[in-house]
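Any read-out appearing in this document is the output of simple, stated calculations on the displayed coordinates, not a laboratory observation. As the structure is a prediction and not an experimental result, all values here were calculated from the model. Note: ideal-geometry Cβ built from the backbone for every residue, glycine included; neighbour counts use all protein chains shown.
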Amino acid sequence: MVSNFGTDALCSLMGIDFSEEQLRAITAPLAPSVIMAGAGSGKTSVMTARVATIGNASANVSSIRTPLI
């Protein structure tokens, strides 16, 4: 896990019921990650939650790169 910021608190904060796959992406270890999924699957919500989780862990969020494809 990236931090001790509980997934229940995250879901409550964002008002979203994340799936197990989404929670794994959100709480993945700090390393380069790729999120690939179909339209309407919640990629933006997952990335928003991941950035919030990383920021809560006091990581350097300014180093996050999001390529425009």
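Worth a mention:
- Protection proxy ranking of 35-46, 17-28 - average other beta-carbon atoms within 10 Å, highest first: 17-28, 35-46
- The gain in end-to-end length when the Val34 to Glu20 segment is fully stretched comes to 3.4 nm, 0.36 nm per residue minus the alpha carbon separation.
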